[in-house]
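Visitor: Here it is, the structure, as structure tokens.
The values are calculated or read from the model by the stated rules, or taken from the named source; none is laboratory data. This structure is a prediction, so every number in the text was calculated from the model and none was measured. Here the Cβ is made from the backbone with ideal geometry for all residues, glycine too, and neighbour counts use every protein chain on show. Areas reflect the complete protein model, heavy atoms only, side chains present, ligands, DNA and RNA absent. Shrake-Rupley method; radii C 1.70, N 1.55, O 1.52, S 1.80 Å.
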Amino acid sequence: MDINTEKTASEAIRYRRSVRIFKEESLDTEKVKECIRLATLAPNSSNMQLWEFYHIVSNDMLRQVSALCMDQNASKNAREMVVFVVRKDLWKKRAKANAENRKRLFGNKDFKEYTKREKSGINYFTKVMPVLYMDFFGILGCVKWIVAQVAGIFRPMYRQVTQSDMRIVAHKSTALACENFMISMAAIGYDTCPMEGLDSLRLKRLLKLPYGAEISMVIACGIRVPEGIYWPQYRVPFEEVYHAK
Ligand SMILES: Cc1cc2nc3c(=O)[nH]c(=O)nc-3n(C[C@H](O)[C@H](O)[C@H](O)COP(=O)(O)O)c2cc1C
């Protein structure tokens, strides 16, 4: 399905609004799924892909998820929903998948036979990622932070190394997937409303997610009715946020 035939990227960006009342009309679930596939193409930190997507399509699940979104209008009226989940806890699995992908790419062989560049491409996932993601109740993160601050006195240094920094890293990437999804939906004339006003603990339980998983957003989906857009889009003046240096 070529879903970009209807709108260009900038048209889709301008078309997208947070819509809270949708038509009764149901969506083509396969098209929504294709937009989720496009969400996975979002840029993401170290290509670790620490995310998961739960496509809510059954009426029963829609009702239950809506209740956990406090039955706010967008969730109550949604035809389908997608729960964007941050899976920082999957870092080992994803690092391994990336390392294996690199090895396949370079031709599976004995490690010492790889070129220097290939070795560092593999080591990035087998050595660097564990240093960044491994932690023990936040203690290792504090140690890494102190090391980064001291080393940073002498040279530019990556400083986002604590457990909470790594949560932000994973959330940033998942939020980019959310935006990819919403723009892809807009491109085919489907509407969305991102929601963070929800009971994340109960939603995790409903989706049977492990302790380490976190909810980024729930995105309500449907097709807009004019009154589903509550007000004209407002942004503070561009000059206030744009700084050329
Ligand atoms: C992370 C995030 C959380 C949001 N949570 C909610 C929400 O819980 N309920 C809601 O109605 N809208 C929610 N919104 C939608 C915003 O209110 C909306 O994006 C903003 O007002 C700008 O309007 P626009 O999206 O139409 O440009 C959320 C948006 C984002 C990005």
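Visitor: Just checking, how many residues over region 135-161 are touching a Phe, Trp or Tyr at 6+ places or on another chain (Cβ under 8 Å) and open to solvent by 30 Å² or more (accessible area, probe 1.4 Å)? Steps first, please.
Guide: Step one: list which residues in region 135-161 are touching a Phe, Trp or Tyr at 6+ places or on another chain (Cβ under 8 Å), which gives 148, 159, 161.
The next check asks that each one be open to solvent by 30 Å² or more (accessible area, probe 1.4 Å); those that pass are 159.
Residues in region 135-161 being touching a Phe, Trp or Tyr at 6+ places or on another chain (Cβ under 8 Å) and open to solvent by 30 Å² or more (accessible area, probe 1.4 Å): 1 in total.
Visitor: Continuing with this model, one more query. Which of the residues spanning region 64-108 are charged (D, E, K, R) and farther than 17 Å from PRO194 by Cα?
Guide: Selection gives ARG87, LYS88, ASP89, LYS92, LYS93, ARG94, LYS96, GLU100, ARG102, LYS103, ARG104.
Visitor: Residues that are assigned by TED's automatic domain parsing to the domain that holds GLU24: find the helices (runs of 4 or more DSSP H) completely inside region 148-243 holding 3 or more of those. Spell out the reasoning first.
Guide: Details: elements: 163-187, 200-206, 238-241.
In region 148-243, 163-187, 200-206 are the helices (runs of 4 or more DSSP H) which contain 3 or more residues that are assigned by TED's automatic domain parsing to the domain that holds GLU24.
Visitor: Counting just the residues of region 42-61 that are open to solvent by 40 Å² or more (accessible area, probe 1.4 Å) and touching an Asp or Glu at 6+ places or on another chain (Cβ under 8 Å), which one comes out nearest to PHE181 (Cα to Cα)?
Guide: Initial filter on region 42-61 (open to solvent by 40 Å² or more (accessible area, probe 1.4 Å)): 43, 45, 47, 49, 52-55, 57-61.
Checking the rest, the ones that are also touching an Asp or Glu at 6+ places or on another chain (Cβ under 8 Å) come to 55, 57.
Working: HIS55: 12, VAL57: 16 Å.
The selected residue is HIS55.
Visitor: Residues in region 62-108 that are of a type outside the set (Lys, Arg), open to solvent by 50 Å² or more (accessible area, probe 1.4 Å) and closer than 24 Å to LEU201 by Cα: how many?
Guide: Quick first cut of region 62-108, residues of a type outside the set (Lys, Arg) only: 62, 64-75, 77-78, 80-86, 89-91, 95, 97-101, 105-108.
Okay, now just the ones that are also open to solvent by 50 Å² or more (accessible area, probe 1.4 Å), so 64, 67, 70-73, 89, 97, 100-101, 105, 108.
Okay, now just the ones that are also closer than 24 Å to LEU201 by Cα, so 64, 67, 70-73, 89.
The number of residues fulfilling the criteria is 7.
Visitor: Can you tell me how many residues within region 226-245 are within 15 Å of the ligand (Cβ to nearest atom) and either polar (S, T, N, Q) or open to solvent by less than 100 Å² (accessible area, probe 1.4 Å) (or both)? Quick ask: steps written out before the conclusion?
Guide: Narrowing region 226-245 to residues within 15 Å of the ligand (Cβ to nearest atom): 226-236, 238, 241.
Filter once more, keeping what is either polar (S, T, N, Q) or open to solvent by less than 100 Å² (accessible area, probe 1.4 Å) (or both): 228-230, 233, 236, 241.
So the count comes out to 6.
Visitor: While we're on this one: If a residue counts only when it is without any contact (Cβ under 8 Å) to a residue 40 or more places away in the chain and either more than 16 Å from the ligand (Cβ to nearest atom) or of a type in the set (A, V, I, L, M, F, W, C) (or both), which helices (runs of 4 or more DSSP H) contained entirely in region 1-110 have at least 1 such residues?
Guide: Details: elements: 9-15, 29-39, 59-68, 73-77, 91-106.
Because the criterion is at least 1 residues that are without any contact (Cβ under 8 Å) to a residue 40 or more places away in the chain and either more than 16 Å from the ligand (Cβ to nearest atom) or of a type in the set (A, V, I, L, M, F, W, C) (or both), the helices (runs of 4 or more DSSP H) in region 1-110 that meet it are 29-39, 59-68, 91-106.
Visitor: Tell me, which residue of region 166-200 that is open to solvent by 30 Å² or more (accessible area, probe 1.4 Å) and of a type in the set (D, E, K, R) is nearest to the ligand (Cβ to nearest atom)?
Guide: GLU196
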